[in-house]
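Taking it in order: structure first as structure tokens, then the write-up.
We did not get these values from a lab; they are worked out from the coordinates using the rules stated. These numbers come from a predicted model, not from an experiment. Positions of Cβ are generated from backbone atoms using ideal geometry, with glycine treated the same way; all protein chains shown enter the neighbour counts.
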Amino acid sequence: MIKRALKKFLSLDKRMLLFVGVLTGIIVSVVTVKGLAYTDSPEFCSSCHIMNNVHDSFASSTHAELSCSDCHLPHDTLVNKYTNKAKAGIGHVYFNTLGESKIPKVLHATENSAEVINQNCIDCHKSTLDNVAHDAKDSCSSCHQAVPHGSDFKTEDYFKPAKPGELLENKGGTLNNG
């Protein structure tokens with residue numbers, strides 16, 4: 001049965017086969033690109049009920065025009081981006097199906113995700129960092145924890161004042177005249 005169908009298919013005009021192949025390639029490419037873009041969107045990410053607060057606070061922030069992957073996935077290589085995306089996706093599927101009881105009320109980035117987010121902050125805000133020293137804390141979110149997800153995402157460490165002399169020693173908040 002399959003052998004006969006294949007033989008019949010291959011007996012078609014070669015131009016028709018080429019046309020069907022190219023058309024199929026275009027359709028698969030467009031669907032793949034559109035699908036990957038949609039999975040980067042806030043609409044896709046907010047489709048899980050646990051992300052409602054995260055999405056609502058993001059939607060009212062100054063970063064609302066960005067896609068979730070702009071901040072949450074690495075941009076150095078496509079392989080790294082999609083590897084991290086796959087890992088996060090598998091984790092999200094697990095927590096939304098089998099591990100729902102283990103989901104915390106307030107979501108925080110994993111250690112790996114926090115590193116990626118911090119690097120993306122630095123990459124996007126490089127001109128600010130070139131003009132104003134931002135080296136008083138360990139990461140961008142040490143001070144900017146509520147960006148872009150609102151005050152519900154601040155930990156108790158956010159409210160602790162800097163150690164005496166910490167900001168002056170590290171020139172935090174002063175113009176970088178060097």
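A few notes on this one:
- Selection within the stretch 40-60 - surrounded by 15 or more Cβ atoms within 10 Å (Cβ to Cβ), of a type in the set (S, T, N, Q) and in contact (Cβ under 8 Å) with a residue 12 or more places away in the chain: 53, 57
- Being touching a Phe, Trp or Tyr at 6+ places or on another chain (Cβ under 7 Å) and more than 27 Å from residue 142 (Cα to Cα) is a property that residue 44 has.
- Helices (runs of 4 or more DSSP H) enclosed by the stretch 1-92 - at least 2 residues per element that are of a type in the set (S, T, N, Q) and in contact with a helix residue (DSSP H, G or I) (Cβ under 7 Å, 6 or more places away or on another chain): 52-59
- Looking only at residues of the stretch 61-116 that are among the hydroxyl-bearing types (Ser, Thr, Tyr) and in contact (Cβ under 8 Å) with a residue 60 or more places away in the chain, we find that the one that is surrounded by the most Cβ atoms within 10 Å (Cβ to Cβ) is 61.
- Screening residue 13 against (1) closer than 25 Å to residue 122 by Cβ; (2) free of Cβ contacts under 8 Å to residues at least 12 places away in the same chain leaves a single unmet condition, (1).
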